[in-house]
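Everything on this sheet refers to the single structure shown next.
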Amino acid sequence: MNDTFQKYATPLMTWLFVISLVSGLALFLHLGTQYFREMHEWLSLVLIIPFVLHLWKNWRPFLVYFKRWPMKLSLAACTAVAVAFAAPAALGTSSGGNPAVAIASAVESSTIAEVSPVFNLTSEELTAAITKAGYTVSSPDKVIKDIAVESGKDGFDLIRVIVAAKR
């Protein structure tokens with residue numbers, strides 16, 4: 001059994017790393033997010049198994065690395081970068097995540113009258129576009145999310161209608 005672990009640990013780790021690398025780059029670049037997110041999350045977790053097996057197989061040579069400066073320097077640099085990324089969220093000073101989501105939330109909590117100038121439309125033009133898409137609009141002073149809920153639809157779907165109305 002030990003031979004089987006040793007035989008497959010490095011190849012599995014290599015290919016799972018390549019998959020994690022490609023899917024991570026795609027997610028970073030916002031390419032095919034719907035295809036890569038779950039793959040990246042799950043296979044990155046699976047990557048832990050061959051990594052542990054690889055460490056187990058190479059434990060003594062691995063410990064020797066800690067006696068040298070490159071390992072110590074790499075550990076310090078990677079820890080510093082990880083803390084720099086995590087600190088704003090941990091301290092509550094984070095910018096709040098994806099700016100596109102923040103903008104969509106702001107649009108969703110605004111009225112047609114407030115949103116229409118942003119898309120170079122009049123309230124009447126935007127109301128007509130929203131109504132044509134199957135939503136019920138009682139007033140241009142109604143909040144976008146409320147219009148969606150009263151129409152039995154999602155607020156983000158209504159935002160798509162609003163963005164399309166600009167074109």
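Working only within region 118-152, note down all residues that are open to solvent by 80 Å² or more (accessible area, probe 1.4 Å) and free of Cβ contacts under 8 Å to residues at least 24 places away in the same chain. I'd like the intermediate steps shown before the answer.
Our first condition is that a residue be open to solvent by 80 Å² or more (accessible area, probe 1.4 Å); within region 118-152, this holds for 118, 120, 124-125, 132, 136, 138, 141, 145, 149-150.
Within region 118-152, VAL118, GLU124, LYS132, THR136, SER138, VAL149, GLU150 qualify.
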Completion exercise
Among (1) open to solvent by 30 Å² or more (accessible area, probe 1.4 Å); (2) assigned to a helix (DSSP H, G or I); (3) under 30 Å from VAL83 (Cα atoms), ALA104 falls short only on (1)
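Is it true that PRO99 is surrounded by fewer than 10 Cβ atoms within 10 Å (Cβ to Cβ) and within 30 Å of THR10 (Cβ to Cβ)? So that I can check it myself, show each step before the final result.
Working: surrounded by fewer than 10 Cβ atoms within 10 Å (Cβ to Cβ): yes; within 30 Å of THR10 (Cβ to Cβ): no.
When the stated conditions are applied, PRO99 does not pass them.
Go through region 21-47 and give me each residue that's of a type in the set (A, V, I, L, M, F, W, C) and assigned to a helix (DSSP H, G or I).
Within region 21-47, the first condition is being of a type in the set (A, V, I, L, M, F, W, C), and the residues that meet it are 21-22, 25-29, 31, 36, 39, 42-43, 45-47.
Once the filter is applied, which keeps residues that are of a type in the set (A, V, I, L, M, F, W, C) and assigned to a helix (DSSP H, G or I), region 21-47 yields LEU21, VAL22, LEU25, ALA26, LEU27, PHE28, PHE36, MET39, TRP42, LEU43, LEU45, VAL46.
Go through THR10, THR79, THR93 for me and flag whichever is among the polar types (S, T, N, Q), part of a helix (DSSP H, G or I) and surrounded by fewer than 13 Cβ atoms within 10 Å (Cβ to Cβ). Reasoning before the result, please.
Working: THR10 fails: surrounded by fewer than 13 Cβ atoms within 10 Å (Cβ to Cβ); THR93 fails: part of a helix (DSSP H, G or I).
Being among the polar types (S, T, N, Q), part of a helix (DSSP H, G or I) and surrounded by fewer than 13 Cβ atoms within 10 Å (Cβ to Cβ) holds for just one of THR10, THR79, THR93, which is THR79.
Would you call SER44 touching a residue at least 24 places away in the same chain (Cβ under 8 Å) and not basic (Lys, Arg)? Outline the logic, then answer.
Values: touching a residue at least 24 places away in the same chain (Cβ under 8 Å): yes; not basic (Lys, Arg): yes.
Criteria met by SER44.
The values are calculated or read from the model by the stated rules, or taken from the named source; none is laboratory data. Because the structure is a prediction, the values reported are computed rather than measured. Don't worry about glycine lacking a Cβ; one is built from the backbone with ideal geometry, like all the others, and counts go over all protein chains shown. Please note that ligands, DNA and RNA were not included when accessible areas were found on the heavy atoms of the full protein model with its side chains. Shrake-Rupley method; radii C 1.70, N 1.55, O 1.52, S 1.80 Å.
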